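What follows is one structure encoded as structure tokens, with my remarks underneath.
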Amino acid sequence: MNIQPLLDALGIQEDAARALADDLRTQIAELRGRQREAEIHFEHLAITRKTVTALTDRIPTQPASPELPEHPDYPRILAIFNEATGPLRARDVCEALDHELLPKNIEGIRVKLKRLVKLGILTEDEVGSFARKQ
């Protein structure tokens with residue numbers, strides 16, 4: 001009986017198993033390296049948390065800023081006022097937001113500006129002239 005084909009098949013399987021084991025050893029080494037990096041990062045975060053917690057009693061508290069109404073225009077409106085060098089009218093804000101300069105759009109912005117005045121974020125020194133509260 002000729003067992004050579006059987007031995008050849010076993011040799012192929014041994015080579016495949018050896019290659020798989022080598023590949024897995026390489027992956028394990030890479031994963032150990034990534035694990036060490038993750039553990040170091042975790043330690044740094046823990047140190048940062050401890051430092052921040054220790055400093056919280058030294059940081060002066062700031063008054064809570066009022067909550068903005070839920071609408072995507074409000075943060076954009078505030079950004080426009082943060083960059084403005086002087087008071088703005090509703091039409092100016094509407095234009096800066098790239099809204100069509102239609103009466104309904106301008107009036108909608110005017111309502112939002114009035115709401116920001118009521119929240120104490122903006123001021124209206126002259127009728128229709130809005131500025132960031134100092």
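Tallying residues that are part of a strand (DSSP E or B) and either hydrophobic (A, V, I, L, M, F, W, C) or out of contact with any Pro (no Cβ under 9 Å at 6 or more places or on another chain) (or both) within the stretch 87-123 yields 2.
Considering Arg36, Arg91, the condition of being closer than 30 Å to Val117 by Cα and surrounded by 10 or more Cβ atoms within 10 Å (Cβ to Cβ) is satisfied by Arg91 alone.
Would you say Ile12 is open to solvent by less than 60 Å² (accessible area, probe 1.4 Å), in a helix (DSSP H, G or I) and of a type in the set (A, V, I, L, M)? No; evaluated as a whole, the condition is false for this residue. For Ile59, the criteria (1) out of contact with any Pro (no Cβ under 7 Å at 6 or more places or on another chain); (2) open to solvent by less than 90 Å² (accessible area, probe 1.4 Å) hold in every case but one, which is (2).
The values are calculated or read from the model by the stated rules, or taken from the named source; none is laboratory data. What you are looking at is a predicted structure, and each value in this text was computed from that prediction instead of being measured. A quick note on method: Cβ atoms are made from the backbone with ideal geometry, for glycine too, and the neighbour counts reach across all protein chains shown. Side chains included, ligands, DNA and RNA excluded: accessible areas come from the protein's heavy atoms. Shrake-Rupley method; radii C 1.70, N 1.55, O 1.52, S 1.80 Å.
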